[in-house]
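The values are calculated or read from the model by the stated rules, or taken from the named source; none is laboratory data. This is a predicted model, so every value here is computed, not measured. Please note: Cβ atoms are built from the backbone with ideal geometry, for glycine as well, and neighbour counts cover all protein chains shown. The accessibility values were calculated without ligands, DNA or RNA, using every heavy atom of the protein model including side chains. Shrake-Rupley method; radii C 1.70, N 1.55, O 1.52, S 1.80 Å.
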Amino acid sequence: MPDVPLLEVNDLVRRYALPRESLLRAPGEVLALNGVSVRVMAGRSLGVVGESGSGKSTFARQVMALERPTSGSVLLSGRDLAALRPDELRRARRDFQMVFQDPYGSLDPRQTIARIVAEPLTALGKLDRATLRERVAGVLRQVGLRDADMDKYPHEFSGGQRQRIAIARALITQPKLIVADEPVSALDVSVQAQVLNLLQDLQEQFGLSYILISHDLAVVDYLCDEVAVMYLGRIVEQGSPEDLFARCAHPYTRALLDAVPRAQAGAVRRRREVFATASQSAASRGCAYAPRCPLADQHCRDVAPQLREIGPNHLAACHKAEAVMTLPTVAAGAASALVPDQRDA
Ligand code: ADP
Ligand code: MG
């Protein structure tokens, strides 16, 4: 079945109810995913980027079948995960594993590395102890750790080593797809490159596919054939990393690229800004980015742009995509005109 995508996500929607603020008012809700569709072919990798609150982790949880989508579907090798019985889903989990951002929080401090790493395998069925230890030793070596590390506890390792342990745990079932949600964000910059190199080596060795989630475009550029940019629960641009860096077609992508050097300083303020616009957008019509967009006109405020093809394998949801593409690239230093309004929201 060479044509069946490894992963097919169709019009995924996920709402969350908010706690009721007043008895007089209906409880609010967050539209964390607002109609996301993507396909990933075997051996290919997709990067998902966007600011905090754009819905990246929600997307990861639906793909991993950790939560049920409000509507839409997730197909893995053509099988709809929501249609599987619990025992079928448990067996299907062999093929897709997850690596979380926080190597401190995601490893149980009271368990040995052997138990932690073997867990996805033991969840699939009983295996004898010798076989398990052999499998654990094998994956520990694949991630650059030693056999003897399996009898230690998480606190005995550095942040980078703990992320290697989390990767070993994901590898142990020989998955086809690994969903990594901000896998290097909690690590020192020098260690980030080592972990990304490891992920790349493993990809080449095993023909793995990744969904790599990051707020940092540089991280996904490194490992992914294709990148989807998310804004308030929607994909607003999708294409190769080259397309996104050299010919980006959505003002939001451009703002993200431009924000990279200032990311640390502006992180807190920007996050607040995103949440401020997030609550407006569910009810309002027009483009969700229009309130922040320096190019928005009345048409943008009235009519929501659809994701459309603006070049070979390059999609954007912007009425002005063609004009945005002709603007000088960020690297040329001319993008400051497109940086969203710096006023505090
Ligand atoms: P990201 O990973 O891109 O930072 P998330 O997927 O975590 O974004 O969140 C997207 C939106 O959904 C945010 O507005 C967030 O507050 C909201 N959200 C996520 N999970 C929940 C939840 N369990 N309950 C209520 N709201 C949620
Ligand atoms: Mg997240």
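Result for the chain in a Gaussian network model with C-alpha springs under 10 Å: among 117, 303, 63, the largest mean-square fluctuation is at 303. A straight line joining the Cα centroids of the stretch 197-237 and the stretch 75-92 runs 24 Å. Taking a ≥ b ≥ c as the square roots of the eigenvalues of the Cα gyration tensor of the stretch 74-200, is the shape rounded (a/c under 1.5), prolate (a/b larger than b/c) or oblate? Because a/c hits 1.5 or more and a/b fails to exceed b/c, the stretch 74-200 counts as oblate. Nearest 5 is fine: what % of DSSP beta bridges in the chain come out antiparallel, could you say? About 60 percent, rounded to the nearest 5. The residues of the chain expose, per residue, 49 Å² of accessible area to a 1.4 Å probe. Among the trypsin sites (Lys or Arg not before Pro) in the stretch 103-135, those located in a DSSP loop and surrounded by at most 16 other Cβ atoms within 10 Å of their own Cβ are 110, 126. 3J(HN,Hα) couplings calculated from phi for the stretch 290-304 with the Karplus curve 6.51 cos²θ - 1.76 cosθ + 1.60 (θ = phi - 60°) are, in sequence order, 3, x, 9, 8, x, 9, 5, 10, 4, 4, 5, 6, 9, 10, 6 Hz; Gly and Pro show x. Tell me whether the stretch 158-232 comes out rounded, prolate or oblate; compute the Cα gyration tensor, take square roots of the eigenvalues as a ≥ b ≥ c, and use a/c under 1.5 as the rounded threshold. Here the stretch 158-232 falls in the oblate category. Estimated from the Cβ-Cβ distance and a Förster radius of 41 angstrom, the FRET efficiency linking residue 25 and residue 126 is about 0.20.
Overall, the accessible surface of the stretch 92-223 at a probe of 1.4 angstrom is composed of carbon and sulfur to the extent of 47 percent. Which of 183, 69, 86 moves most in a GNM of the chain, Cα contacts under 10 Å? Most flexible of the set in this elastic network: 86. Each of residue 4 and residue 148 was given a label point 7 Å from its Cα along the Cα-to-Cβ line. The distance between the two points is 4.6 nm.
Its Kirkwood hydrodynamic radius, worked out from the mean inverse distance over all distinct Cα pairs, puts the stretch 57-102 at 11.1 Å. Given all pairs of different Cα atoms, what value in angstroms does the Kirkwood hydrodynamic radius of the chain take? Every distinct Cα pair counted, the radius reaches 21.3 Å. With the helix formula -39500 (n - 2.57) applied to DSSP H stretches of n ≥ 4, the chain reaches a computed 222 nm mean residue ellipticity of -10500 deg cm²/dmol. Translational diffusion of the stretch 1-144 was estimated from the Stokes-Einstein equation, with Rh taken as the Kirkwood radius over Cα pairs; at 25 °C and 0.890 mPa s the coefficient is 137 µm²/s.
Within the listed set 81, 89, 140, the residue fluctuating most in the Gaussian network model of the chain (springs between alpha-carbon atoms under 10 angstrom) is 89.
About the centre of its Cα atoms, the chain shows a dipole size close to 900 debye [charges on the beta carbon of Lys, Arg (+1) and Asp, Glu (-1) only; nearest 20 debye]. The GluC sites (Glu not before Pro) of the stretch 1-99 that meet both conditions, a loop assignment by DSSP and at most 10 other Cβ atoms within 10 Å of the site Cβ, are 21.
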